[in-house]
Amino acid sequence: MRHFFRRRGELYCEEVPLRAIAEAVGTPTYVYSRATLERHFRAVDRALGPAPHLVCYSVKACGNLAVLALLRRLGSGFDVVSGGELRRVLQAGGDPARVVFSGVGKTDDEIALGLRAGILCFNVEGEQELSAVAAVAARLRKVAPVALRVNPDVDAKTHPYVATALAQSKFGVPLRRARAIYRAIARCPSLRAVGLDCHLGSQIESLAPFEAAASRLRRLLEELAADGHRLEHVDLGGGLGVPYGREQPPSPRQWADALRRALGPSRLRLVVEPGRVIAANAGALLTRVLYRKRGAARAFAVVDAGMNDLLRPALYGSVHALEPVGRPTRRKVVLDVVGPVCESGDFLARRTRVDDLGPGDLWAVMTAGAYGFSMASSYNSRPRPAEVLVDGRRFDVVRDRENPRDLWRGEHIPEDLKP
Ligand code: LLP
C-alpha cells in the first residue's frame, strides 16, 4: 500500500491532495504520511520477531517532535547523537530507558544529560571518550551503562560520506582493541558494560555487509563471554537502504533474518537503529516552480526549494524522483531543476526527464522524509520550510515555516553600531 498516489491525475498523500497543503501552508513544505511511518516502523519491529529486540529509531533522519511522539506511541526507542536529539526525544515523551547515545564527539555536558535522564546505553567510540564517561558518571555518583562501538572494517558499498565502518573512518574502535577495553570497563566502578555496538553506514543495498559485520561481532561476543563479561544486548546500528528509484534493497524481514542468522543463537537483546528505512519514503518536499529559463547549454526550472531545504542532491549527488503534483503532462522535457541559492551546486535534479511544468506549478520531491528537513539550514537567509503530518483526511502543521525573525534570533548588534 503506497500512501502517496494519484487520484484523477492529482497527487495525494493519504486522503489529502498535496495541492491543498501547498495552498494552505505555502511552499517549500515537507509532508509526512503518518500511515507510512507506522507501516515502516511495524515492518521493522515485526521483522525482528518474537525474540527480544528493541528498535531505536535514528532521530537524525527526521527528528520532528510529532514524528518522535508517533514512533514512541508505537513502542520505538531512539538512537541519538547529540544532547539536542536527546532533548527532542524527552520533549516528545520518549522513554530514556529506550535511548542509545551514539556519536564520536560527546561532550561532558551531553554525557551528564544522558546519565541524568537514565538512558539505556552510551555507545562509546574511543578510549578517551570512555574515560570521560567514567569521570562524569563518578562525579554524578552514577554508573554509566556502556557499549563499545567497534569498527568491523566492512565495506558497506555506499556513498563514501556515509560509509562508517571502513578502516579509515573515524567511527568506533578496531575490533582487536575491544577485549582490552572491556577489561578496562570491568575494572571501573562507574562503568557497566551492557552491550556491544556497531554501525556500518547508510543506504546499504545488499545483505553481505550486514552479514559480514554480524559474524565478526558474533566471534567477539564469544570472546567477551569467555572473558566473563555479561552483556545484555548487541546493537547492529541502522543503514538499511531504500528505493529512491530503481534500487532494490533487501526488505526489513530479509535484513532482520540475515542479522539473526549471522549472529547465531543468542540470549542477547538485538538492538537496531534504523532511520532512513522508516522515514525516507514517508516524506515528500513540495516545491513550486518560479521560472523556466534557458542557458546557453541547459534548460532550467527554477523552483522555490533549494539546497538549504534539501541538501542531499548537492552533497551526495543523490537522485530524488520529481512527481508533478497536478496531472502529469503529456510532453516530457529534459531539465535541470535548480533552487534559488547562489551556488551552482544548488540543484534538486540535473539533466532529468520530467514533466513540462511552468511557473506556479508544483513538484513533489519524493523520498525526502529522511535527511531532508533534518539537514535543512537557513543558508542565504532562507527561512527553513514548514513540516506537515498527514493522517487520513486531516493534516497538521507540525512545524511552522520559519519567519524572518527566526533568521536573526539570538543575534545582537553592539551598542555603538545600533541603527
Ligand atoms: N546509527 C548511527 C550510529 C548512525 O550514524 C546512523 C546514520 C544511523 C543509525 C541511521 O542510519 P540509517 O538507517 O538512516 O541509514 N545524511 C545522509 C545519511 C547519514 C547517515 C548518518 N548516520 C544522507 O542523507 O544520505
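The values are calculated or read from the model by the stated rules, or taken from the named source; none is laboratory data. Worth saying up front: this structure is predicted, and the values here are computed from it rather than measured. Methodologically, a virtual Cβ is constructed for each residue, glycine included, from the backbone with ideal geometry; neighbour enumeration extends over all protein chains shown. Remember, those area values only see protein heavy atoms, side chains included, never the ligands or the DNA or RNA. Shrake-Rupley method; radii C 1.70, N 1.55, O 1.52, S 1.80 Å.
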If the chain between Arg179 and Glu15 were fully stretched, how many nm would it gain, using 0.36 nm times the residue separation less the Cα-Cα distance?
53.6 nm
What is the chain's relative contact order, in percent, from Cα pairs under 8 angstrom and six or more apart in sequence?
20
Using the basic label-point model (7 angstrom from Cα toward the beta carbon), what is the Ala51 to Asp108 distance in nanometres?
4.2
Please work out the FRET efficiency for the pair Arg267 and Ser206, using the Cβ-Cβ distance as r and a Förster radius of 30 Å; give the result to the nearest 0.05.
0.55
In the chain, which whole DSSP H runs stretch at least 15 Å along their own axis (Cα) and average 0.0 or higher on the Kyte-Doolittle scale?
127-139, 208-226
Calculate the length of the line joining the C-alpha centroid of segment 283-342 to that of segment 49-68, in whole Å.
31
Please give the FRET efficiency for Lys418 paired with Cys342, using the beta carbon to beta carbon distance and R0 = 41 Å, rounded to the nearest 0.05.
0.90
Under 10 Å, Cα contacts only: if you run a Gaussian network model on the chain, which one of Arg149, Arg19, Arg141 comes out with the highest mean-square fluctuation?
Arg141
Value at 222 nm in deg cm²/dmol, rounded to 500, when DSSP H runs of n ≥ 4 in the chain each add -39,500 (n - 2.57)
-8000 deg cm²/dmol
Starting from 0 in steps of 20 Å, tell me what percent of the Cα-Cα pairs of the chain lands in each bin.
26, 52, 21, 1
7 Å from Cα along Cα→Cβ at both Lys293 and Met375: what's the point-to-point distance in nm?
2.6
Please report the Cα spread of segment 63-274 along all three principal axes, rounded to whole Å, starting with the longest.
52, 43, 32
Regarding segment 305-354, what are the three Cα extents along the principal axes, ordered largest first, in Å?
31, 18, 18
Taking a probe of 1.4 Å and leaving out DNA, RNA and ligands, the chain shows per residue an accessible area in Å² of 45
Contour minus end-to-end for Lys170 and Asn403, with contour as 0.36 nm per residue of separation and end-to-end as the Cα-Cα distance?
80.2 nm
Most packed first (mean Cβ within 10 Å per residue), the peptides 244-255, 226-237, 288-299 order as 226-237, 244-255, 288-299
Could you pull out the pairs from Lys157/Lys332; Lys106/Lys170; Lys60/Lys142 whose alpha carbons sit more than 23 Å apart here?
Lys157/Lys332; Lys60/Lys142
Spin-label pair Leu140/Tyr161, simplified geometry with 7 Å Cα→Cβ offset, distance in nm:
3.3
With a 1.4 angstrom probe the carbon and sulfur portion of accessible area for segment 63-274, in percent, totals 49
Could you tell me the calculated FRET efficiency between Asp396 and Glu23, based on Cβ-Cβ distance and R0 = 25 angstrom, to the nearest 0.05?
0.95
